[in-house]
1. Give segment 15-34 a look and list any residue that's within 17 Å of I65 (Cβ to Cβ) and free of Cβ contacts under 8 Å to residues at least 24 places away in the same chain, or say none.
2. Within the group L15, L25, which residue is closer than 22 Å to P135 by Cα, at pLDDT below 95 and in a strand (DSSP E or B)?
3. Can you report the number of residues in segment 126-151 which are touching a Pro at 6+ places or on another chain (Cβ under 7 Å) and under 17 Å from R105 (Cα atoms)?
4. Which members of segment 12-31 meet the condition of being of a type in the set (S, T, N, Q), buried (at least 18 other Cβ atoms within 10 Å of the Cβ) and over 15 Å from P60 (Cβ atoms)?
5. Going by the conditions given, is R105 among the basic types (K, R), surrounded by 12 or more Cβ atoms within 10 Å (Cβ to Cβ) and more than 18 Å from G150 (Cα to Cα)?
6. Keeping to segment 33-83, report how many residues are buried (at least 19 other Cβ atoms within 10 Å of the Cβ), hydrophobic (A, V, I, L, M, F, W, C) and farther than 20 Å from S99 by Cα.
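The values are calculated or read from the model by the stated rules, or taken from the named source; none is laboratory data. Since the model is a prediction, treat every value here as computed from it, not as a measurement. FYI the Cβ positions are ideal-geometry reconstructions off the backbone, even for glycines, and counts take in every protein chain you see.
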Amino acid sequence: MVILGIDPGSRATGLGLVRVLGNRLSYLESEVVRPPAGELSARLAHIYRHLETRLGDWKPDRVAIEAVFSHRNPRSALQLGQARGAALAACGAVGLECSEYPPTRVKQAVAGTGAAGKSQVQAMVSRLLGLGTPPPTDAADALAVAICHGQFAAAPGADRVARALAREAAR
């Protein structure tokens, strides 16, 4: 199974592609989409078009995205939600559903604790995927989302669990 993980952001959106065979993970590709500076609508359109193209290139079996989390700055949270919307729309345009996982669940899946920092997630993703050099933080976060989904996708009732986790994150 090939899983695309998405770590949405209006200034940097991480994409990470992994293959899951049983309990074995392998790294396929990752990147950070950095829209040009400018109006939010143009940045969101860039994310949408880029992701739609990559979905066509990569043809993942599953897509997982980080769920919205509470944020101290309402403006930043709104922009994050809009970037998520652009990513979800691109997935919908090519007929792929997205499973959602809260950040704490993603961190727990790769680092063993929901309170893991960015560098800890980056190091564990690198270790789990056998990478010599850790990927950039946004790409590592996207790969962590894909790894998290890989753990849940193999479990019975995985889709139900992913929906419950997304509802939990939305609260």
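1. The one that is within 17 Å of I65 (Cβ to Cβ) and free of Cβ contacts under 8 Å to residues at least 24 places away in the same chain: V33.
2. Answer to the check: L25.
3. At the first step, the residues of segment 126-151 found to be touching a Pro at 6+ places or on another chain (Cβ under 7 Å) are 126, 140, 143.
Still in the running and under 17 Å from R105 (Cα atoms): 140, 143.
The qualifying residues number 2.
4. Pass one, segment 12-31, residues of a type in the set (S, T, N, Q): 13, 23, 26, 30.
Now restrict to residues that are buried (at least 18 other Cβ atoms within 10 Å of the Cβ): 13, 30.
Passing the criteria: only T13.
5. Judged against the criteria, R105 is not a match.
6. The number of residues fulfilling the criteria is 2.
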